[in-house]
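Working notes for the structure below.
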Amino acid sequence: MLLRHLADESVGLVGPRSDNLGSSARIEVPADYESGLEGFARDLQHARFGESFDVQLLARLAIAMRREVYAAAGPLDEGYDLSLFEDADYCERVRSAGWRVICAHDTFVHRAPAMSAQRRFDSRQYNAMWDQSRERFESLWGTWERHDDRVEPAVGG
């Protein structure tokens, strides 16, 4: 499903809707959804077929891009701690190379709740890593602004 969105040559990076994210790609899946996660993904695909929207941030849980986009943006920057700001940096690199970063409204990937870096380290350690990564990001791209963390209601909501 993601590849279809790359037919638009202005698109450089595309990712799915998902649960358990802190970005505008997040979508709520009702706990009692009648046909489970697979049914939710299928219903979303039918309800929003071909739809997409520009996003500030895509999580790398599933992304698609053309070879020329990767050639222009390059590999991930390993200078960020624990993947903090790495996704935001990559999205900025794709945009600065002239492409759009979009979320495929018709594609859903479940993201199981994971143990966040914030839980693996004490707050002092985590805050130091966050600050260092944020400083790195801001030295390259300017002031970081929190991404949109709205949650869209489920299909038909």
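Bear in mind these aren't lab numbers, they're just calculated from the coordinates by the rules spelled out. Just so you know, these numbers come straight off a predicted model, no measurement behind them. Heads up, the Cβs are rebuilt from the backbone with ideal geometry, glycines too, and the neighbour counts pull from every protein chain shown.
Over all distinct Cα pairs, what is the inverse of the mean 1/r for segment 1-76, reported as the Kirkwood hydrodynamic radius in Å? One over the average 1/r among Cα pairs gives 13.9 Å for segment 1-76. Segment 54-95 and segment 27-46 have their alpha-carbon centroids 28 Å apart.
Over all pairs of different C-alpha atoms in the chain, the reciprocal of the mean inverse distance, the Kirkwood hydrodynamic radius, equals 16.6 Å. Each of Ala31, Ala73, His46 was scored by the projection of its Cα onto the charge dipole of the chain, and the greatest displacement toward the positive side belongs to Ala73; charges sit on the C-beta of Lys, Arg, Asp and Glu.
Over segment 1-42, the alpha carbon radius of gyration divided by the compact-protein estimate 2.2 N^0.38 Å works out to 1.43. Computed on segment 44-110, the Cα convex hull volume stands at 92 Å³ per residue.
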